[in-house]
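Colleague: Here it is: the structure, laid out below.
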Amino acid sequence: MKKILSSSKLIVLVALMLSVAIFTFGCGDDGFSVSEVQHDPFAFTGEITINGTVASFSPDDPNLFGVMDTNELMQCGRFDCGAWIMPTLYSGGHTPTVSQGDNVVLTGEFVNIGGMVTFQVTNVDVGNNIMNQIPSN
């Protein structure tokens, strides 16, 4: 007779299948937030979608800008509150027009550029600007 999986092996198998499903399909249509990827960006392999708020810009490269977690921005009320600013490099055709405070949905993948974790994007969807919604602390 065939042996049925023990309950502990079954639990491990179900957990593994669930993990694979999450990484395969992401977190629904909205993608991941900046805070969800910050602790181990390279665990997110291949093309993914991340949403956040534009926080800063490179003075040297118009295609390089920083994106922070929208919820962290709304909690601290400032762009310089110590939250992780995700370096974002646009590698598509026409440079997107983004401003500080714009909510963005980015499609791309994490790469290592000069020893720095960078989210290299091929698509930027710009949403509403939340500058007037940021609480003043």
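Colleague: So which residues in segment 98-114 are over 16 Å from SER56 (Cβ atoms) and within 19 Å of the chain's Cα centre (by Cα)? Let's see the steps before the verdict.
Modeller: Of the residues in segment 98-114, the ones over 16 Å from SER56 (Cβ atoms) are 105, 107-114.
Residues satisfying the conditions are VAL105, THR107, GLY108, GLU109, PHE110, VAL111, ASN112, ILE113.
Colleague: Something else about it: Identify all residues within segment 48-88 that are of a type in the set (D, E, K, R) and over 17 Å from ILE113 (Cβ atoms); write none if there are none. Talk me through it step by step, then tell me what you get.
Modeller: As a first pass, look at segment 48-88 and keep what is of a type in the set (D, E, K, R): 60-61, 69, 72, 78, 80.
Hits for segment 48-88 are ASP69, GLU72, ARG78, ASP80.
None of the figures in this text is laboratory data; all of them are computed from the coordinates on show. What you are looking at is a predicted structure, and each value in this text was computed from that prediction instead of being measured. Quick reminder, even Gly has a Cβ in these numbers, built from the backbone with ideal geometry, and neighbours come from all protein chains shown.
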